[in-house]
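Every number here is computed from the coordinates shown, using simple stated rules; none is lab data. If you're wondering where the values come from, they're calculated on a predicted model, not measured in any experiment.
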């Protein structure tokens with residue numbers, strides 16, 4: 001007796017075994033959609049045994065939403081709540097299914113607020129649950145809206161660095177971002193020190209660079225980031241040079257004015273001499 005509920009569909013004849021669960025898929029389509037399946041299928045078929053079944057009982061992410069993952073893959077209805085999408089992200093990432101990951105991310109981005117994403121992210125971290133890389137990407141994309149939130153500022157330093165270093169990170173205004181980095185380094189010291197390199201030493205405000213240099217000296221990390229001190233020295237020299245140029249310009253104007261006064265005085269003296277000579 002064929003236990004495949006999709007037996008009528010000859011396209012869904014390859015069996016995936018996950019503990020007591022059985023899922024039936026089109027292996028060719030599955031190879032295109034899942035990097036994990038593709039590797040194992042190739043290894044299996046290149047061995048001595050051939051067949052239409054493969055065991056995936058060693059995967060980490062199981063539970064009821066695993067069934068929904070296969071329903072999405074097969075184009076079947078998936079009864080999902082917003083809360084289900086986070087575990088589905090983990091499942092899709094483990095199965096290396098970038099197209100499904102992208103669909104889930106787009107749906108979450110359109111239907112959840114920045115604060116909701118941050119709250120879920122913080123909850124999973126505090127509960128020591130696995131966090132999907134896609135959720136890190138989503139939170140990073142909302143950084144501009146959440147970076148001042150106490151929930152964000154109280155995240156563990158490794159996750160703060162992960163978010164702010166993420167290529168998807170929507171950074172706040174440059175000066176505010178630099179001040180945020182100073183705040184995090186002051187709070188977490190070496191645990192957030194890698195964020196130093198997110199500051200553009202040449203364009204950041206001079207006061208920010210001065211504060212950063214003092215902070216690195218305080219936590220004894222200045223030797224790890226020697227360019228901070230070097231650029232600060234060069235910018236200090238440039239500021240002093242500009243000040244001197246302003247003073248020189250002022251002196252030149254003053255000197256020019258004095259010369260004009262001298263010329264006027266000399267002209268008046270000559271005119272007096274001429275008048276006296278005619279008397």
With the chain treated as a Gaussian network of Cα nodes joined by springs under 10 Å, which of 131, 196, 246 yields the largest mean-square fluctuation? 246
Computed over the chain, the relative contact order (Cα-Cα under 8 Å, seq sep at least six) in percent reads 9
Stokes-Einstein D for the stretch 107-172, Kirkwood Rh over Cα pairs, 25 °C, 0.890 mPa s (µm²/s): 211
What is the helix-to-structure angle for 35-46, meaning the angle in degrees between its Cα long axis and the longest Cα principal axis of the chain, kept from 0 to 90 and rounded to the nearest 10? 50
Evaluate Rg over Rh across the stretch 134-279, taking Cα atoms for both radii and Kirkwood's formula for Rh. 1.46
Evaluated at q = 0.21, 0.28 Å⁻¹: base-10 log I(q)/I(0), Debye formula over Cα of the stretch 57-125: -0.93, -1.41
In vacuum, with every alpha carbon of the stretch 203-279 counted as one equal point scatterer, what does the Debye formula give for log10 I(q)/I(0) at q = 0.16, 0.27 Å⁻¹? Two decimals, please. -0.73, -1.12
Computed D for the chain, Stokes-Einstein, Kirkwood radius over alpha-carbon pairs, 25 °C, 0.890 mPa s, to the nearest µm² per second, is 99
Counting only helical runs of four or more DSSP H residues, what would the 222 nm mean residue ellipticity of the chain come to if each run contributes -39,500 (n - 2.57) and the total is spread over all its residues? -20000 deg cm²/dmol
Mind checking which of 44, 206, 147 has the largest fluctuation in a GNM of the chain, springs on alpha carbons under 10 Å? 44
The stretch 99-117 and the stretch 204-231: distance between their alpha carbon centers, rounded to Å: 38
What are the extents of the Cα atoms of the stretch 194-235 along their three principal axes, listed from largest to smallest and rounded to whole Å? 23, 19, 14
So what's the convex hull volume per residue for the Cα atoms of the stretch 50-179, in Å³? 130
When the Cα atoms of the stretch 35-75 are enclosed in a convex hull and the volume is divided per residue, what value in Å³ results? 89
Whole-number percent relative contact order across the stretch 7-149, with pairs defined as alpha carbons under 8 Å at least 6 apart: 19
In whole percents, the bins of 5 Å from zero upward hold the Cα-Cα pairs of the stretch 145-203 as 4, 18, 34, 30, 12, 2, 0
